[in-house]
Amino acid sequence: MPPTKLPESGNPLVFLDITLGGEPLGRIQIELFKDVVPKTAENFRQFCTGESKNSAGRPQGYKGSKFHRIIPNFMCQGGDFLNNDGSGSTCIWGYKNFEDENFTLKHDQPGLLSMAVRDIHPASMKLPLTD
């Protein structure tokens, strides 16, 4: 795999290794817009790295979680590492969700990452990716 080139923005870069039936499909590299949504970016970053710990002190994060919703030519959604079906919700601060930071960024191109919301606005851990 070629070396990762960090974004000029200084924003963090994380990755997800994707498999299907145990077979590797590839790596998705994601620039987190810490300069726009710092709490959301840090929440996602820690779930990617496994730095976040649950109430029992065990690492929690996206490793081994599933894409529970796939809509061809639109998006895939995953990140529910609690239940693997989209019903689980937590954040790195130990509660179910946190307040939205802003709505500055628009979903106007493929490959963008979002944090899904279950209620009107609070963010949590699920991650839709646009196609």
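Taken together, the values in this text are just the output of simple stated rules run on the coordinates, not laboratory data. These numbers come from a predicted model, not from an experiment.
Cross-link reach is defined here as a Cα-Cα straight distance under 17 Å, omitting same-chain residues fewer than 8 places apart; for Lys53 the aspartates and glutamates meeting it are Glu42, Asp80.
In square nanometres, what is one fourth of the surface area of the convex hull spanned by the alpha carbons of the range 13-130? Display every interim value, and only then the final one.
On the way: hull surface 29.9 nm².
Averaged projected area of the range 13-130's Cα convex hull equals 7.5 nm².
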